[in-house]
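Chemist: Let me give you the structure first, and then I'll get to my questions.
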Amino acid sequence: MKHLNKYLIIILAIVVVVIFAVNLGNNGGISAKHFDNGEISFDYPGTLNEINGTGAKIALFSDDSGSNITVIKHSLPPGYNLADHTQLNGIGDIDKSFQLVSKRNVTVDGTSGYESYYNIDNGSKQRKEVWVEKNNAIYGIIYTGPGKVDTDNSGLNLNVMGNSGDMFNTIVNSIKINDTESNPSQYTGWAELIMPSIGGDWSVTSDSVNDPAVYHIAGSYYPGENGQMALLGHHTTHAAPFVNINQLKSGDPLIIKDYITQKKYTYKVVSNGDVRWGVKGVSIDYQPTDAPELWLVTCWPPGYSRASWIVHSKLVSVEPLG
């Protein structure tokens, strides 16, 4: 009889644990959900509210705490180094409100990837990014929410995201990306250039200098990198995106919305009218610098290509792209 009572107690204990686990997994009756668009799939907690994604954003999620998670996919631009671009140290040297706290290599769906933690808005918000390159495309999972990432002297994260971390990790740990050739991104431009002082909102592409857009010059740097990023635009043809850039003045803002890393970079003009006779913008050897720079390049004089007219600007701030 004693052995029977012992076994009965064990069975009851197991039942209690199972019931508790089920209730916990359901999160108060809210079951986990599954996302699958045929190319990428993952689980996510039922407490998250899903918002339809657009452009590079495959899916968006938010919760009542003000946290949000974005899953993105974008085709890989030429010369784009995922590790260099998604684990930038230089941003915080320019803008103290967007500080890289830590970074490390991770594995996502069996593929080597990268993880970065940031404090933003002077520590009132935190951001975690996980990136992986697969099928000639970039996939990212980005968390932004309230709170600060604290570290000890060794750089070990002591407080990262709290309960929201479980939601983020659920997506990261369950994500599956099909091992097939990626479908071309329907969102052709990987960034957007905005010139508020003279008007102009143009897609940034790496496809052709003759698109009705501005062209990222191959061999130049990307937003946030410590180097000269160069955008080439026609002065009189192909929608003439740079018809008025000679009117830009020192201190005028130039904004790059980067749809790959979901960051907004603001540059300020430092000089205008650098005319280089006999030099085409695509033939310039763009160099590394101590701080990120943005060059706008067009032909000169208008209607001719005898020289390159260049506007120089430097990065002044970075913020999450809303």
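Any read-out appearing in this document is the output of simple, stated calculations on the displayed coordinates, not a laboratory observation. These numbers were taken from a predicted model, which means no experiment stands behind them. So basically every Cβ, Gly included, is an ideal-geometry build from the backbone, and we count neighbours across all protein chains shown.
Chemist: What do you get for chymotrypsin sites (Phe, Trp or Tyr not before Pro) in region 251-322 restricted to DSSP loop and a cutoff of at most 12 other Cβ within 10 Å of the site's Cβ?
Modeler: Numbers: sites: TYR259, TYR265, TYR267, TRP277, TYR286, TRP295, TYR304, TRP309; in loops: TYR259, TYR286, TYR304.
Hits after loop and neighbour filter: TYR304.
Chemist: Work out, step by step, the length gained on full extension between ASP121 and SER283: first 0.36 nm times the residue separation, then minus their alpha carbon distance; give nm to one decimal. All intermediate terms of the calculation are to be shown ahead of the outcome.
Modeler: On the way: separation 162, 0.36 × 162 = 58.32 nm, distance 3.90 nm.
So the chain would gain 54.4 nm between ASP121 and SER283.
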